[in-house]
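Q: Questions regarding the structure given below will be posed in turn.
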Amino acid sequence: MTQISVSDLKVNAGKYVSMAQEQDILITKNGKVVAKLITAKADKKAAWDSMTSIFKGINLTDKEIEAEREERILGK
């Protein structure tokens, strides 16, 4: 993770915005971290956890899942 000063960010904003597409950047003021510039890419693990959390507590058999799938496909 890259660490830069606020003044460096002001001078080279475009460079660090481009850099933030690939990595997080810590921003310091007077030697102390005051902000974090993070990528806008979705966190795949968080997205997966969010999607799978809706299924917690649901225990369907393979046969039931297949029946639900067929219903959706056939529009019943």
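Q: Output yes when any residue across the range 11-23 is part of a helix (DSSP H, G or I) and open to solvent by 100 Å² or more (accessible area, probe 1.4 Å), and no when none is.
A: Of the range 11-23, the ones part of a helix (DSSP H, G or I) are 11, 13-19.
Next, from what is left, pick out any that are open to solvent by 100 Å² or more (accessible area, probe 1.4 Å): 11, 15.
Among the residues of the range 11-23, at least one is part of a helix (DSSP H, G or I) and open to solvent by 100 Å² or more (accessible area, probe 1.4 Å), which makes the answer yes.
Q: Let me ask something additional. Confirm whether Ser53 is surrounded by fewer than 11 Cβ atoms within 10 Å (Cβ to Cβ), modelled with pLDDT under 80 and polar (S, T, N, Q). Full working, then the answer.
A: Working: surrounded by fewer than 11 Cβ atoms within 10 Å (Cβ to Cβ): yes; modelled with pLDDT under 80: yes; polar (S, T, N, Q): yes.
For Ser53, the condition - surrounded by fewer than 11 Cβ atoms within 10 Å (Cβ to Cβ), modelled with pLDDT under 80 and polar (S, T, N, Q) - is met.
Q: Could you grab me the full set of residues in the range 56-76 that are surrounded by 10 or more Cβ atoms within 10 Å (Cβ to Cβ) and not charged (D, E, K, R)?
A: Step one: of the range 56-76, the residues surrounded by 10 or more Cβ atoms within 10 Å (Cβ to Cβ) are 60, 64-71.
Correct list: Leu60, Ile65, Ala67.
Q: Look through the range 29-76, keep the residues that are small (Gly, Ala, Ser) and over 30 Å from the mean Cα position of the chain (by Cα), and return whichever of them is nearest to Lys10 (Cα to Cα). Can you show your working first?
A: Residues of the range 29-76 that are small (Gly, Ala, Ser), as a first pass: 31, 35, 40, 42, 46-47, 50, 53, 57, 67, 75.
Okay, now just the ones that are also over 30 Å from the mean Cα position of the chain (by Cα), so 67, 75.
Details: Ala67: 58, Gly75: 56 Å.
This residue is Gly75.
Q: Identify the residue in the range 38-76 that is among the basic types (Lys, Arg) and in a loop (DSSP other than H, G, I, E, B) and, among all such residues, is nearest to Asp24 (Cα to Cα).
A: Quick first cut of the range 38-76, residues among the basic types (Lys, Arg) only: 41, 44-45, 56, 63, 69, 72, 76.
The next check asks that each one be in a loop (DSSP other than H, G, I, E, B); those that pass are 41, 56, 76.
Details: Lys41: 11, Lys56: 32, Lys76: 47 Å.
My answer is Lys41.
The values are calculated or read from the model by the stated rules, or taken from the named source; none is laboratory data. Just so you know, these numbers come straight off a predicted model, no measurement behind them. We place every Cβ from the backbone using ideal geometry, glycine too, and count neighbours over all the protein chains shown. Note: areas computed on protein heavy atoms with side chains; ligands, DNA, RNA excluded. Shrake-Rupley method; radii C 1.70, N 1.55, O 1.52, S 1.80 Å.
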